[in-house]
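Participant: Here you go, one structure.
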Amino acid sequence: MRRTVSFRLVVDPIRCDGFGHCLELAPELVTLDEWGYPILHSEPFPQSDRELLRSAHLAVRGCPRQALSLQKITNVQER
Amino acid sequence: MTVDLSTHRVLANYLGRPKSLAEHEVDFGPSARLALSIEELRRSGLTGRGGAAFPTSKKVEFLKDQKRSTRYVVVNAMEGEPAAHKDRMLLATNPHLVLDGAMVLANLLNADMVLVCVAREHTSTIAIVDRAIKERGPKRLQGPSFELRTPPGRYVAGEESALVNWLDNNETLPTYRPTKPSTLSIGRGHVLLDNAETHANVGLIARFGADWFRSVGTSSRPGTTITSVTGNGKASVVEVPYGTPLRSILNGASINYTPRAILLGGYGGTWIDGRHLDVGFDDDSLRPLNAATGAGVIVALPPASCGVAECARIVDYMARESARQCGPCAFGLPALAANLDSLARGQGSPGVLARLSALCDEIDGRGACRHPDGVVRFLRTALAVFADDFNHHAAGHPCHYAAVPPVCYIPHRADIKDLEWE
């Protein structure tokens, strides 16, 4: 059995007020729509990607509305 | 039992007025001591009639497995969809069948309270439910107590999280639930919420059993469905087994024209071409058309009508019904409505259709509830089904049917208070 852990940034759209801090803190994971609300990359990134994980953590901590969270996805593969 | 259930089930024996408890028990047999096992409910294959078609037994099992107990059973008869009226018809025919089902489900989960929710604006239905509950008397030794609740009737007020949210703290706002299935609670008590028609079917299954229930309909969607049919200026309610061809439903609603297009699933639903009259009204048959039965709303658009004008009005209504909690919905839907409005007025430009599609992509899947997704689905299918109309308007040509009064019913603007939420 092999376990792979990956992460994805998710937003609570009710909390989000479009401050846009996430774009500054994690530009690799976020684009903004025309009204300034974040569109988060839906593709999960692997745990080994330390750069992305760091950016994601910064975005989660830096959101003034606390609307962001990091979703952990554990995949178990039979070998 | 004296009633004939061969053509109608939950709408059986319409007297022109709601049945009293005595009349109800003559028709269907006694209400007291009705019981149903989860086994039997699972075997019946009953699915929710509110639109999502989730198996009712799975919902009950999921709540039974929770650590905390379920305290409330909610009957959702809000019917915020302007083109729907079947729950009101059901309560005006067999109100006690709905209460029977709620009682059975409450006993199954040991819940001690049933909350029947009717929109504040539906005053005659409120009177019916109020009378029916009073007829059942005060709380009996066994079984739940019944209460009527009347939230304000906004479009999203009937969305399950918004409704429970109002029951809990008087806010008709949807909540963000990233993991599903999730539980809804009032205070610390879990909630089982089902559409009124689902409850009525439980009331029948408890009496006549799963095999009887499965004897009509399709194997994946057994039983009947109540459809709300509009289009010819009249509103009809037709109860049919799942799988009945659209043609016979429209005949039953005395619609005697071949529609230009058919809207299924309401103002957050799917347009299909009017030629598809022989398709069965069940989810397996409708899936190839990317449509679903939803809560049984059918609008048959007459041949002489303008698709762009109809869509512009509906999207404008849906934009105003947004709870404005999420940015993509609060800004995206008005942007769609503004583009459609200028298009309908013949002030279109060649780029406007591409702009509408781009807005749909931008909004899709980005709200806390499914309200914006429904509008996107509605508009995407409209762009395909009414492609000729849209191209015509986008080229700046006046529409053939500009003078025809619109068909789809929209609650009067003056009746809708803007941005007022409880």
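Participant: Of the numbered conditions (1) touching a helix residue (DSSP H, G or I) at 6+ places or on another chain (Cβ under 9 Å); (2) within 18 Å of residue B:179 (Cβ to Cβ); (3) more than 11 Å from chain B (Cβ to nearest Cβ); (4) open to solvent by less than 30 Å² (accessible area, probe 1.4 Å), residue A:67 fails exactly one; give the number of that condition.
Facilitator: (3)
Participant: If you don't mind, another one. Report, by residue number, each residue of segment B:167-207 that is open to solvent by 30 Å² or more (accessible area, probe 1.4 Å), outside any loop (DSSP other than H, G, I, E, B) and touching a residue at least 12 places away in the same chain (Cβ under 8 Å).
Facilitator: If the condition is that a residue be open to solvent by 30 Å² or more (accessible area, probe 1.4 Å), outside any loop (DSSP other than H, G, I, E, B) and touching a residue at least 12 places away in the same chain (Cβ under 8 Å), then B:168, B:185, B:207 are the ones that fit.
Participant: Condition check: assigned to a helix (DSSP H, G or I), without any contact (Cβ under 8 Å) to a residue 60 or more places away in the chain and assigned by TED's automatic domain parsing to the domain that holds residue B:241. Does residue B:287 satisfy that?
Facilitator: yes
Participant: In addition: Looking at segment B:208-230 only, could you name the residues that are within 30 Å of residue B:404 (Cα to Cα) and open to solvent by 10 Å² or more (accessible area, probe 1.4 Å)?
Facilitator: Residue satisfying the conditions is B:230 alone.
Participant: Got a sec? Which helices (runs of 4 or more DSSP H) wholly within segment B:15-106 have at least 1 residues that are open to solvent by less than 30 Å² (accessible area, probe 1.4 Å) and hydroxyl-bearing (Ser, Thr, Tyr)?
Facilitator: Answer list for segment B:15-106: B:38-44, B:56-64, B:86-93.
Participant: Return the residues of segment B:332-362 that are within 22 Å of residue B:80 (Cα to Cα) and either buried (at least 22 other Cβ atoms within 10 Å of the Cβ) or more than 14 Å from every other protein chain (Cβ to nearest Cβ) (or both); say none if nothing qualifies.
Facilitator: If the condition is that a residue be within 22 Å of residue B:80 (Cα to Cα) and either buried (at least 22 other Cβ atoms within 10 Å of the Cβ) or more than 14 Å from every other protein chain (Cβ to nearest Cβ) (or both), then B:332, B:333, B:336, B:337 are the ones that fit.
Participant: Shifting gears a bit: Taking the condition of being surrounded by 20 or more Cβ atoms within 10 Å (Cβ to Cβ), in contact with a Lys or Arg (Cβ under 9 Å, 6 or more places away or on another chain) and either at pLDDT 95 or above or not small (Gly, Ala, Ser) (or both), how many residues in segment B:301-316 meet it?
Facilitator: The qualifying residues number 1.
Participant: Quick one: is residue B:369 without any contact (Cβ under 8 Å) to a residue 40 or more places away in the chain, of a type in the set (A, V, I, L, M, F, W, C) and over 14 Å from residue B:308 (Cα atoms)? Reasoning before the result, please.
Facilitator: Working: without any contact (Cβ under 8 Å) to a residue 40 or more places away in the chain: no; of a type in the set (A, V, I, L, M, F, W, C): yes; over 14 Å from residue B:308 (Cα atoms): yes.
So residue B:369 does not fit the description; no.
Participant: Still on this structure, I have one more. Could you check segment B:321-331 and list, in sequence order, the residues that are of a type outside the set (S, T, N, Q), crowded, with 20+ Cβ neighbours inside 10 Å and within 22 Å of the chain's Cα centre (by Cα)?
Facilitator: Pass one, segment B:321-331, residues of a type outside the set (S, T, N, Q): B:321, B:323-324, B:326-331.
If we keep only those that are crowded, with 20+ Cβ neighbours inside 10 Å too, we end up with B:321, B:323, B:326-329, B:331.
Matches in segment B:321-331: B:321, B:323, B:329.
Participant: Could you say which residue among B:126, B:186, B:205, B:133 is away from every other protein chain (no Cβ under 14 Å) and under 20 Å from the mean Cα position of the chain (by Cα)?
Facilitator: So the residue among B:126, B:186, B:205, B:133 that is away from every other protein chain (no Cβ under 14 Å) and under 20 Å from the mean Cα position of the chain (by Cα) is B:126.
Participant: State all residues of segment B:216-271 that are among the charged types (D, E, K, R), farther than 19 Å from residue B:198 by Cβ and part of a loop (DSSP other than H, G, I, E, B); if no residue qualifies, say none.
Facilitator: B:234, B:260
The values are calculated or read from the model by the stated rules, or taken from the named source; none is laboratory data. What you see is a predicted model; the values in this text were computed from it and never measured. With ideal geometry, Cβ positions are generated from the backbone for all residues, glycine too; neighbour counts draw on all protein chains shown. Side chains are part of the model used for accessible areas, which takes the heavy atoms of the whole protein and leaves out ligands, DNA and RNA. Shrake-Rupley method; radii C 1.70, N 1.55, O 1.52, S 1.80 Å.
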